[in-house]
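Chemist: Have a look at the structure that comes next, please.
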Amino acid sequence: MRVLSGLPTSQLRVVPRVRWSATNRWRPRPSTLVVLLAGLWLFGTGEALLVASHLGNTPWTVLAQGVSRHTPLSIGAATFAISLVVLLAWIPLRERPGFGTIANAVVIAVAIDAMLRVLPHPDSTVGRLAEVLAAIVSIGIGSGLYLTTWLGPGPRDGWMTGLARRTHIPIATVRLSIELSALVSGWLLGGRVGLGTVVFALSIGYAVSLAMTTVGHFATAR
């Protein structure tokens with residue numbers, strides 16, 4: 001089933017179904033599992049690159065930090081609590097979890113820890129900005145791969161795809177709105193915002209949409 005219908009990247013509203021897309025969200029084929037793990041590892045690598053740049057964390061980490069300032073929760077615990085709230089937001093959107101939803105939490109966490117041990121921590125502003133850009137590219141490609149497995153998105157990506165599907169608003173626009181909302185909310189609560197945070201929030205929606213569009217053009221199921 002072809003779902004792109006010639007739409008430009010900025011107008012993509014649904015996740016493409018491609019050759020490796022699963023038909024059962026809980027029973028991935030070996031090829032689908034490989035794409036899922038590769039995509040999630042790239043996603044985690046992108047998160048690690050942003051941390052290593054020391055130019056700010058993702059908007060959701062800013063939000064978690066802000067929440068932790070006003071509650072007894074640590075940043076990690078606040079992140080978990082926010083994820084639960086986002087999962088509850090799936091209910092009216094009728095978004096369904098799957099094997100990929102669970103793998104999302106596990107693989108990305110492992111990838112962040114592993115990659116932070118080997119990634120450089122540049123001192124120059126140019127080097128740090130290069131890591132921010134690399135982070136956006138890595139997360140965009142990783143999202144494009146793992147979402148097209150159709151094994152279930154992570155909490156925030158599920159909110160993105162669910163809203164796009166139900167409202168018919170392009171994925172890039174939905175993701176931009178979500179990231180900016182998280183960033184502003186976190187900043188108002190006292191979370192730290194850096195240049196990398198702003199660049200990430202403004203560009204990640206288009207990067208994810210571009211990656212899915214590209215994957216869809218080259219690997220669309222016939």
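Chemist: Please work out which one of (1) under 18 Å from LEU37 (Cα atoms); (2) free of Cβ contacts under 8 Å to residues at least 24 places away in the same chain is the condition SER138 fails and give its number.
Modeler: Here SER138 meets the rest and fails (2).
Chemist: Quick one: which of VAL18, VAL86 is under 24 Å from PRO170 (Cβ atoms), of a type in the set (Val, Ile, Thr) and under 14 Å from the mean Cα position of the chain (by Cα)? I'd like the intermediate steps shown before the answer.
Modeler: Values: VAL18 fails: under 14 Å from the mean Cα position of the chain (by Cα).
Result of the check over VAL18, VAL86: VAL86.
Chemist: Sticking with this one: Among the residues of the range 178-194, which ones are under 13 Å from THR58 (Cβ atoms) and assigned to a loop (DSSP other than H, G, I, E, B)?
Modeler: GLY191, ARG192, VAL193, GLY194
Chemist: Moving on. Looking at the range 182-202 only, could you name the residues that are touching a residue at least 24 places away in the same chain (Cβ under 8 Å) and surrounded by fewer than 21 Cβ atoms within 10 Å (Cβ to Cβ)?
Modeler: Correct list: SER185, TRP187, LEU188, LEU189, GLY190, ARG192, VAL193, GLY194, LEU195, VAL198, VAL199, LEU202.
Chemist: So, one more: Among the candidates ALA172, ALA135, which residue alone is more than 17 Å from LEU40 (Cα to Cα), hydrophobic (A, V, I, L, M, F, W, C), crowded, with 24+ Cβ neighbours inside 10 Å and in contact with a helix residue (DSSP H, G or I) (Cβ under 7 Å, 6 or more places away or on another chain)?
Modeler: Of ALA172, ALA135, the one residue that is more than 17 Å from LEU40 (Cα to Cα), hydrophobic (A, V, I, L, M, F, W, C), crowded, with 24+ Cβ neighbours inside 10 Å and in contact with a helix residue (DSSP H, G or I) (Cβ under 7 Å, 6 or more places away or on another chain) is ALA172.
Chemist: Continuing with the same structure: Looking only at the range 49-59, filter to residues that are touching a Gly at 6+ places or on another chain (Cβ under 8 Å) and closer than 12 Å to GLY186 by Cα; which one of those is modelled with the lowest pLDDT?
Modeler: Within the range 49-59, the match that is modelled with the lowest pLDDT is ASN57.
Chemist: Suppose the filter is crowded, with 24+ Cβ neighbours inside 10 Å and assigned to a helix (DSSP H, G or I); does LEU145 pass it?
Modeler: yes
Chemist: Same structure again: Return a yes/no flag: does the range 26-48 have any residue that is in contact with a Gly (Cβ under 8 Å, 6 or more places away or on another chain) and of a type in the set (Asp, Glu).
Modeler: Looking through the range 26-48, none of the residues is in contact with a Gly (Cβ under 8 Å, 6 or more places away or on another chain) and of a type in the set (Asp, Glu).
Chemist: Which residues, counting only those in the range 195-222, are hydrophobic (A, V, I, L, M, F, W, C) and either under 16 Å from THR58 (Cβ atoms) or touching an Asp or Glu at 6+ places or on another chain (Cβ under 9 Å) (or both)?
Modeler: LEU195, VAL198, VAL199, PHE200, ALA201, LEU202, ILE204, ALA207, VAL208
Chemist: Related question: In the range 161-173, what residues are assigned to a helix (DSSP H, G or I), within 16 Å of the chain's Cα centre (by Cα) and either of a type outside the set (Val, Ile, Thr) or at pLDDT 95 or above (or both)?
Modeler: GLY162, LEU163, ALA164, ALA172
Chemist: A further question on this structure: I need the full set of residues from the range 183-199 which are polar (S, T, N, Q) and under 26 Å from VAL126 (Cα atoms), in order please.
Modeler: Hit for the range 183-199 is THR197, nothing else.
The values are calculated or read from the model by the stated rules, or taken from the named source; none is laboratory data. Keep in mind that what you see is a predicted model, and the values were worked out from it rather than measured. Glycine also receives a Cβ, built like all others from the backbone with ideal geometry; neighbour counts cover every protein chain displayed.
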